[in-house]
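**Student:** One structure coming up, written as structure tokens, with questions to follow.
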Amino acid sequence: MLASAFPLLLLGFSLGMRHATDADHVLAVATVVSRVRSLGTALLIGAMWGVGHTLTLMVIGGAILLFGLVVPPHVGLAMELAVALMLIGLGGYHLARLYRAIRRGEPPAHGADHPHDHPHDLGWADRAFGGSRLYASLRPLLIGVIHGLAGSAAVALLVLTTVRDPRWGIGYIALFGVGTIAGMTLITGVLALPFAYARARTSGMHNAFGAVAGLLSVGFGLFLAYDISVGSGLFTAHPQWTPG
């Protein structure tokens, strides 16, 4: 039984690695690592992000597999819109922070040497729980949870077309998540290298890299938000949604 399911589990891990290279993941990670000073911190953020992403996959995907839940198009599109809005907020926050730092003549990554030092702008959550050390430590994890919303239904539905046993389906999702964690950690480390090089050379080069990352995050987030809201008809009576 295990031998027959091994290709499926291996496929889950491989697709999880590939999933980490999706444009929204890469752009958001690039914005984050532009503000940290050490490779170790960048890797930790990537790993925690991947863990949060996997938690969402396990909860939503597992519910779909075990209980036969159906995700309505409005809900599926709303989950994807949440990710688009997070990209816009993340990039916009970074650009504003970069602008303020340049005006004050300070390095934009000053003080950002911990995984909870503003890796993302959570807005309401920061205002409500910003004083909590536990919240600060779990911040990258929470971002991963939000980011996992966009792909959880698609992963579960892919499993349903491949395997009938829910137990093996859960195993597939788990290994998909492990692959995502590994891929996100690797990508974060790779993206951190050019920013570290730019920081060591000149502040102007580092600022330029950071500005490009922020602009791409905002631009791609706006594109996704438009495509989901208008192209897929999120706010219409009959939205068009295909998980993927």
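**Student:** If the requirement is being assigned to a loop (DSSP other than H, G, I, E, B), within 19 Å of residue 206 (Cβ to Cβ) and either more than 21 Å from the chain's Cα centre (by Cα) or at pLDDT 85 or above (or both), which of these qualifies: 108, 119?
**Tutor:** 108
**Student:** Further question: Across segment 165-207, which residue is surrounded by the fewest Cβ atoms within 10 Å (Cβ to Cβ) among those that are hydroxyl-bearing (Ser, Thr, Tyr) and farther than 18 Å from residue 45 by Cβ?
**Tutor:** 202
**Student:** For segment 61-84, name all the residues that are buried (at least 17 other Cβ atoms within 10 Å of the Cβ) and within 25 Å of residue 187 (Cα to Cα).
**Tutor:** Passing the criteria: 61, 79, 80, 81, 83, 84.
**Student:** Next up: If only one of 142, 191 is part of a helix (DSSP H, G or I), modelled with pLDDT under 85 and over 23 Å from residue 241 (Cβ atoms), which one is it?
**Tutor:** Result: 142 is the single residue among 142, 191 that is part of a helix (DSSP H, G or I), modelled with pLDDT under 85 and over 23 Å from residue 241 (Cβ atoms).
**Student:** Tally up the residues in segment 162-188 that are in a helix (DSSP H, G or I) and either of a type in the set (Val, Ile, Thr) or within 16 Å of residue 33 (Cα to Cα) (or both), please.
**Tutor:** Qualifying residue count, segment 162-188: 11.
**Student:** With (1) among the hydrophobic types (A, V, I, L, M, F, W, C); (2) over 11 Å from the mean Cα position of the chain (by Cα); (3) modelled with pLDDT under 80 as the list, and residue 28 as the residue in question, which single condition is left unmet?
**Tutor:** (2)
**Student:** Filter segment 198-226 down to the residues that are modelled with pLDDT under 90 and more than 18 Å from residue 26 (Cβ to Cβ) and list them by number.
**Tutor:** 199, 200, 201, 202, 203, 204, 205, 206, 207, 208
**Student:** On to the next question. When the residues of segment 31-73 are filtered to those that are among the β-branched types (Val, Ile, Thr), in a helix (DSSP H, G or I) and over 30 Å from residue 215 (Cα atoms), which remaining residue is modelled with the lowest pLDDT?
**Tutor:** Taking the candidates together, the pick is 64.
For (1) among the aromatic types (Phe, Trp, Tyr); (2) in contact (Cβ under 8 Å) with a residue 12 or more places away in the chain, each residue gets a yes or a no:
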{"site": "11", "(1), (2)": "no, yes"}
{"site": "15", "(1), (2)": "no, yes"}
{"site": "20", "(1), (2)": "no, yes"}
{"site": "26", "(1), (2)": "no, yes"}
{"site": "47", "(1), (2)": "no, yes"}
{"site": "67", "(1), (2)": "yes, no"}
{"site": "72", "(1), (2)": "no, no"}
{"site": "86", "(1), (2)": "no, yes"}
{"site": "100", "(1), (2)": "no, no"}
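**Student:** Please work out if residue 242 is polar (S, T, N, Q), modelled with pLDDT of 85 or more and not in a helix (DSSP H, G or I).
**Tutor:** No: the conditions fail for residue 242.
**Student:** Now for a different question. Does residue 69 satisfy the condition of being of a type in the set (A, V, I, L, M, F, W, C) and closer than 30 Å to residue 238 by Cβ?
**Tutor:** The answer is yes for residue 69.
The values are calculated or read from the model by the stated rules, or taken from the named source; none is laboratory data. Only a predicted model underlies this, so the values are computations on that prediction, with no experimental measurement involved. Cβ: placed from backbone, ideal geometry, glycine included. Neighbour counts: every protein chain shown.
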